[in-house]
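K.L.:
Attaching a single structure in structure tokens format; questions to follow.
The values are calculated or read from the model by the stated rules, or taken from the named source; none is laboratory data. Bear in mind that the values here come from a model prediction, so they are computed numbers and not experimental data. Note: ideal-geometry Cβ built from the backbone for every residue, glycine included; neighbour counts use all protein chains shown. All accessible areas refer to the heavy atoms of the entire protein, side chains included, with ligands and DNA or RNA removed. Shrake-Rupley method; radii C 1.70, N 1.55, O 1.52, S 1.80 Å.
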Amino acid sequence: MVTNPEQRQQVAGTLNWVLPSLGMRWEDTQILWVPKRELAHYEGQTIADIARERRQEPTETYLDLVGELGSQTRIMNWNYSGRDAEEGSLRKVLQHGACCFETDTILTGNGVDNPASYGTFPRLLGRYVRELKLLTLPEAVRRMTGFNAERMSLHDRGRVERGLAADLVVFDPDTVNDDWQPGAPNRPPTGIDTVVLNGRVVVEGGHFDRASRAGAVLRS
């Protein structure tokens, strides 16, 4: 919590300037998980929701919550994560030629899980390529594979070529999509038949082999 009045004013001023410039709003910022379980009732609420309850300016509410909830609290900004009308900034970023596609989420089973854990790449192929036509299918695949490998200096990944790691996905471009639903973020995507990781089949017929253990930590 920022308690020094002068510092607090400076931080609030910075947030009120930076967030709009990034296309972000407190209405889009949702609390996913709170480590202090006595405050778990905040999970699922947005900063704007809590500010209205407190009859307080949202930025001031955010600064208070930083101290109240703890630094390990997980939040998500829907404008950059993709929720229908709240994704204007996301669409612009996806269309930028320097944008690689990735995800940094995992399913924790705590609080409100991030739907990107299962749905990032299927949603890109289904919603943003097939439905909205923000970019072509070949370009989307490149931004998920070869472009990322080049950016991270992973020389044995990202391309289908003799001698490289056999990482392959067989999907139907007409049906691939995420199947996320509120309260069920771990639903598997549709339209993905087979996944080969390091030369081993880990998904076949849409079924994931949890015992495969074919992955490896990659270091550039």
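K.L.:
Taking only protein heavy atoms and a 1.4 Å probe, what accessible area per residue, in Å², does segment 136-190 have with all protein chains in place?
P.N.:
Dividing the accessible area of segment 136-190 by its residue count gives 66 Å².
K.L.:
Between E6 and C99, what length in nm is gained on full extension when 0.36 nm per residue of separation is reduced by their alpha carbon distance?
P.N.:
Full-extension gain reported as 29.7 nm.
K.L.:
Using packing as a proxy for protection, rank 92-101, 108-117 so that the peptide with the highest average count of other Cβ atoms within 10 Å comes first.
P.N.:
Those peptides, ordered most packed to least, come out 108-117, 92-101.
K.L.:
Also, I was wondering about something else. Could you give P(r) for segment 58-169, binned at 10 Å from zero, as whole percent values over all Cα-Cα pairs?
P.N.:
Calculated over all Cα pairs of segment 58-169, the distribution is 12, 35, 31, 17, 5, 1 percent.
K.L.:
Evaluate segment 22-70: find the radius of gyration of its Cα atoms, find its Kirkwood radius, and give the ratio Rg to Rh.
P.N.:
Radius of gyration relative to Kirkwood radius: 0.95.
K.L.:
Quick one: grab Rg to one decimal and Dmax as a whole number for segment 87-142, Cα atoms only, in Å.
P.N.:
For segment 87-142, the Cα-based Rg and Dmax read 12.3, 36 Å.
K.L.:
Another question, then. Test of understanding: in a Gaussian network model of the chain with alpha carbons linked when under 10 Å, which of P188, P173, P122 would top the mean-square fluctuation ranking?
P.N.:
Maximum among the listed residues: P173.
K.L.:
Mean 1/r over all different Cα pairs, inverted: what Kirkwood radius does segment 117-220 give, in Å?
P.N.:
14.7
K.L.:
Find, to one decimal place in angstroms, the Kirkwood hydrodynamic radius of segment 174-220, where the mean of 1/r is taken over every pair of different Cα atoms and then inverted.
P.N.:
Taking every pair of different Cα atoms in segment 174-220, averaging 1/r and inverting gives 12.3 Å.
K.L.:
Compare the peptides 64-76, 7-19 by average per-residue count of other Cβ atoms within 10 angstrom and give them in order, highest first.
P.N.:
64-76, 7-19
K.L.:
Give the value in nm², to one decimal: projected area of the alpha carbon convex hull of segment 1-123, averaged over all directions.
P.N.:
Value for segment 1-123: 8.5 nm².
K.L.:
Still on this structure, please answer the following. When the helix-only estimate is applied to the chain (DSSP H runs of n ≥ 4, each -39,500 (n - 2.57), divided by the residue count), what is the mean residue ellipticity at 222 nm, nearest 500 deg cm²/dmol?
P.N.:
That comes out to -9000 deg cm²/dmol.
K.L.:
I'd like the per residue volume of the convex hull spanned by the Cα atoms of segment 1-52, given in cubic angstrom.
P.N.:
Normalising the Cα hull of segment 1-52 by residue number yields 102 Å³.
K.L.:
With N residues in the chain, what two-decimal value do you get for its Cα radius of gyration over 2.2 N^0.38 Å?
P.N.:
Taking N as the residue count of the chain, the ratio is 1.18.
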